[in-house]
1. Counting only residues that are farther than 23 Å from B:Asp199 by Cβ and touching a His at 6+ places or on another chain (Cβ under 9 Å), which one in region B:99-112 is nearest to the other protein chains (Cβ to nearest Cβ)?
2. For a quick check of your reading: which strands (runs of 3 or more DSSP E) sit entirely within region B:1-98 and have at least 3 residues that are within 14 Å of chain A (Cβ to nearest Cβ) and not β-branched (Val, Ile, Thr)?
3. Determine if region A:305-314 includes at least one residue that is surrounded by fewer than 21 Cβ atoms within 10 Å (Cβ to Cβ), assigned to a helix (DSSP H, G or I) and of a type outside the set (Val, Ile, Thr).
4. Please indicate, with yes or no, whether at least one residue in region B:176-191 is over 23 Å from B:Ala79 (Cβ atoms), of a type outside the set (Asp, Glu) and more than 16 Å from the chain's Cα centre (by Cα).
5. When region A:142-156 is examined, which residues are found to be surrounded by 15 or more Cβ atoms within 10 Å (Cβ to Cβ) and closer than 16 Å to A:Tyr81 by Cα?
6. Being outside any loop (DSSP other than H, G, I, E, B), touching a residue at least 60 places away in the same chain (Cβ under 8 Å) and either buried (at least 20 other Cβ atoms within 10 Å of the Cβ) or more than 14 Å from every other protein chain (Cβ to nearest Cβ) (or both) narrows it down to one residue among A:Tyr360, A:Tyr340; which is it?
7. From the list A:Ser185, A:Ser242, A:Ser238, which residue is under 18 Å from the mean Cα position of the chain (by Cα) and either buried (at least 19 other Cβ atoms within 10 Å of the Cβ) or modelled with pLDDT of 95 or more (or both)?
8. Tell me whether region A:343-356 contains one or more residues that are within 14 Å of chain B (Cβ to nearest Cβ) and under 28 Å from A:Leu207 (Cα atoms).
Amino acid sequence: MSIIGKLRRFAGSIKRALVADDAQPPAPAPAPAPTVSPLQAVTKLPFAPQYSTRFDSPMPVLPHTANAAAPLKISIVVIVYKMPEQARKTLYSLSTEYQQGVSADDYEVIVVENKSDQLLGEPAVRDIPGNFRYFLRDETQPTPVFAINFGAAQACGTHIAVIIDGARMCTPGVINYMLGAAKLSPSAVTAVPGYHLGHELQQVSILKGYNEAAEAELLASIQWPADGYRLFDIACLSGSCSSGFFKPIGESNCFVVPKAVFEQLGGFDENFTETGGGQVNLDFYKRAVELPETQLVILLGEGSFHQIHGGVTTGTKGSHREETMAAHFAQYGKLRGEAYRPPGKRAIYLGAIPDSALKYIRHGSTTVMMMNDLK
Amino acid sequence: MNTHIELSIIVIVYKMRRQAYNTLYSLSTAYQRNTAANYEVIVVENHSDENLSADYINSLPGNFRYFLRDEPGVSPVPALNFAFAQCRGTMLGLLIDGARMLSPRVLEHALTLQRAFDHPLIVVPGYHLGAEQHDAANPARAATEQEELASLNWREDGYRLFTQACFSPGNSRGYFHPLMECNALFCTKKSFSEIGGADPRFDLAGGGSINLHIYRSLGMQPSNRLIVLPGEGNFHQYHGGVTTQASDNRQDKLQAFRAQLNNFWGGQYKALSREPLLFGNVGYSAQRFLQQSCNAGMERFARLSAEGKPAWPDDDACRQEGSGQRS
């Protein structure tokens, strides 16, 4: 019982003592209903992901290798579905006009759109500066997993990056640093931390009226795309790395693996047929990081920023959201035999830290110290 | 002896036997992790009444080469240049103060980075062992410090050194502020040659501010990429050094050093201000220093932003001279 409830009951008992014996005591006021955030509600579902406070013990080692014989090239697969405005911004953030320190020879962007009544369309992609290819598919299931594997099959690069949610804009150094990490290690799995635009997670902020118009105002306030690093000023950490990146993170919504690793894992598991792919992105991330030969690199000063678009996990509300998440967790549990647990392999960190991102580094450091009682 | 040497690390020693032995052990293949014997340690000692034992050095696992010199002056600069002439690797590590122990993966990261960057300038943040900086410590610190080190069992896990340390004065506000100097830095041998090595005009005791001068000189080469290892450290042991012991005339000495340094930089030396790239794992014992760095960095960025000043002005100067910042 809450403190208010206790006080009311106590007050009620005093009042009853003062009233004549034959008077009817007033009915006690009902206790206020407990408030449970949508985030807390899903953590209690069966097969809800299990998170840990520390990395596994062994320190990460970058394997020694001779210089790469072939030039490195990143193939970025971006999946689009019912998000034309958001996808335009995401794709612009991957253009050679916006990305720093790279040229069109260093990477390609493979846009795979599943047909809907809100098409981005090929003309919108055609004029984006850079090396873009567009494919439109007829998808019969509510999952992007087939589109991802289709896109990866088109890849010409030495490395495959996946942005499963085309509503995620990137900071200007993402591709440069992906290439840098690939130079440092031939087996790097390089992850970009995730953020939501807005000052609260979108599954919470949409309950308070956050919408596309509010988001447009936020982007205008930083004059995006003038300085892509200002995105940190109008964002908050995604749920998958809400405690920062100095402990295991749940997933990355923009990460790159060597093409050989993608093929070794058989691509994204096509059994993940729930809406939005369920936990397929977490699953692939975990499988890639847990390969003994890979090394996890986290780009400290870069980010992918989710735009509001009515997506499966960020655009649903109340009981509908809980049911959706329950189905996702249940499918993962059925396929893997247990709840999802983030990979515990320690990360190597790489990157320059823009001033706007420093608060997130501090948050991560403070959180891991508190969680592990460090001084 | 392994003749394929990629990295040559210079260590200068003078009157610091016990401390130097710890430093040299921290450079051995028994302590440094994930490295092959592809580096050498050039130990150059200026003669004193406390010389190292050549037999001890030769017994250390790894490629150690020891030279004992008679130095008529009071500066380590001639020893530094002599050591440089002995180096066989294409990459250079500089530890001008042989009392500075390293954490266990410094060399691994230096070797990794030189594979990915043509011109890395790798900086290992500096610390002082103990709760306070050594200029405030009393001379008895030397004895107690060795006991503390023994109780840490640092040879088993060098990251424990973070648990008994504080930031050095050279980077007292962490690594999102310009560092004044670096006591364990790595660069290409070519880069060090291009700045003329260690300038012999730094002839004051301990070399004066030679370390600050070298750091800024290397950092202002446009092609050099500044990389900081936030999860690693170099840890100063108390040894009664020129600037790290409390003494009546310490301030006078520092003023003389400053004046000499300013003469080389148009009358006004400034700490190198180039944006650092961070690299490496950051273990739990190093997290509090990352947190402190973030706190100080955020204050600095907020102040500079309010004043309309750039965060890393030397980057602009270097860009104007030559190549850009990003790799």
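1. Quick first cut of region B:99-112, residues farther than 23 Å from B:Asp199 by Cβ only: B:101-112.
From what is left, the residues that are touching a His at 6+ places or on another chain (Cβ under 9 Å) are B:101, B:111-112.
Working: B:Met101: 18, B:Leu111: 8, B:Thr112: 5 Å.
Per the stated criteria, the residue is B:Thr112.
2. Numbers: elements: B:7-13, B:39-46, B:63-69, B:91-95.
So the answer is none; nothing clears 3.
3. Within region A:305-314, not a single residue is surrounded by fewer than 21 Cβ atoms within 10 Å (Cβ to Cβ), assigned to a helix (DSSP H, G or I) and of a type outside the set (Val, Ile, Thr).
4. Filtering region B:176-191 down to residues over 23 Å from B:Ala79 (Cβ atoms) leaves B:176-179.
Filter again for of a type outside the set (Asp, Glu), leaving B:176-179.
So of that shortlist, the ones also more than 16 Å from the chain's Cα centre (by Cα) come out as B:176-177.
Yes: one or more hits.
5. Our first condition is that a residue be surrounded by 15 or more Cβ atoms within 10 Å (Cβ to Cβ); within region A:142-156, this holds for A:143-152, A:155.
Within region A:142-156, A:Thr143, A:Pro144, A:Val145, A:Phe146, A:Ala147, A:Ile148, A:Asn149, A:Phe150, A:Gly151 meet the criteria.
6. Values: A:Tyr340 fails: outside any loop (DSSP other than H, G, I, E, B).
From the options A:Tyr360, A:Tyr340, the qualifying one is A:Tyr360.
7. Working: A:Ser185 fails: under 18 Å from the mean Cα position of the chain (by Cα); A:Ser242 fails: either buried (at least 19 other Cβ atoms within 10 Å of the Cβ) or modelled with pLDDT of 95 or more (or both).
Going through A:Ser185, A:Ser242, A:Ser238 in turn, just one is under 18 Å from the mean Cα position of the chain (by Cα) and either buried (at least 19 other Cβ atoms within 10 Å of the Cβ) or modelled with pLDDT of 95 or more (or both): A:Ser238.
8. Of the residues in region A:343-356, the ones within 14 Å of chain B (Cβ to nearest Cβ) are A:344-356.
Within this subset, residues satisfying the condition of being under 28 Å from A:Leu207 (Cα atoms) are A:356.
Yes, because at least one residue in region A:343-356 is within 14 Å of chain B (Cβ to nearest Cβ) and under 28 Å from A:Leu207 (Cα atoms).
The values are calculated or read from the model by the stated rules, or taken from the named source; none is laboratory data. The model shown is predicted, which means the values in this text are computed figures rather than measured ones. Note: ideal-geometry Cβ built from the backbone for every residue, glycine included; neighbour counts use all protein chains shown.
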